[in-house]
């Protein structure tokens, strides 16, 4: 038996996912479907599959499946797109939305453009955890900051970011024994204009244009290391706001006085369509 599902392709800073409203459509095998639909040339093509659903704890819920079928705890770029989807499809008229994820309830604050559509979304990502300095072993030895933003990250600051072969180093570091559940890997560098340049290898998806939780992790790592983005020493006092530039665009990350991480960036609808699958 074949079933037809309507989907929306959306992207945030180039991080693209397939979005399905599970309050309307059933997705019985999200692992297999994410693998098939995420594949370019033979599927829709994306970094993964996002399922939007109801929630008894919040306004709505979100589940994320990477391109390899593994389930992610959280995705910052996807959460912003979910906020845009919910508002612009009329599922809510709220501009502050509580979204249930596997890493807890996140607060989405929608920013509307003059045409009434959602232009930017600010997400309260909560507080980082398990921050520590580590050094990987094996083929690529890298010192970095390991932390959790609801999912695991390893942030490496380097002066040679454009020379790094992320396709070679990323999967090796992702599977390093230091990270029993694997990890996302960010390579970051200070630029001369007060910003941070970041490239990412995402756990379960590989090289992607952007990573929202990765941008947050990079800002936290910069603060942890006491780096000041204008090149001057800051005496261990972290900057409160960072502009993280990635291949797909940039995100603004603010660390509040109480330690919460706020991520602000765009949410863009690419196209809508229908696809069939066997059930």
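Derivation of every value follows stated rules applied to the coordinates shown; laboratory data play no part. Computed from a predicted model, the values in this text were never measured in an experiment. Every residue, glycine among them, receives a Cβ derived from its backbone with ideal geometry; neighbour counts consider all protein chains shown.
The largest-to-smallest principal axis extents of the Cα set in segment 129-208 are 37, 27, 23 Å. When only alpha carbons are used to place a centre, segment 33-70 and segment 161-186 end up 23 Å from one another. Counting only DSSP H runs of at least 4 residues, each contributing -39500 (n - 2.57), and dividing by the residue count of the chain, the helix-based mean residue ellipticity at 222 nm comes to -5000 deg cm²/dmol. Packing order of peptides 15-23, 90-98, 210-218, highest average first: 210-218, 15-23, 90-98 (average count of other Cβ atoms within 10 Å over each peptide's residues).
Computed packing ranks the peptides 148-160, 32-44 as 148-160, 32-44, most packed first, by mean other Cβ atoms within 10 Å. In Å³ and rounded to a whole number, note down the convex hull volume per residue for the Cα atoms of the chain. So the per-residue Cα hull volume is 135 Å³. Note on residue 31 and residue 276: with the Förster distance fixed at 25 Å, the Cβ-Cβ geometry gives a FRET efficiency of about 0.85. Here the peptides 72-82, 165-175 are ranked by packing, the mean other Cβ count within 10 Å, and the order with the highest first is 72-82, 165-175. Where both bridge residues fall in segment 129-259, DSSP classifies roughly 75% of the beta bridges as antiparallel. Put simply, segment 67-114 fits an ellipsoid with semi-axes of 22, 12, 9 Å; these come from the alpha carbon gyration tensor as the roots of five times its eigenvalues, largest first.
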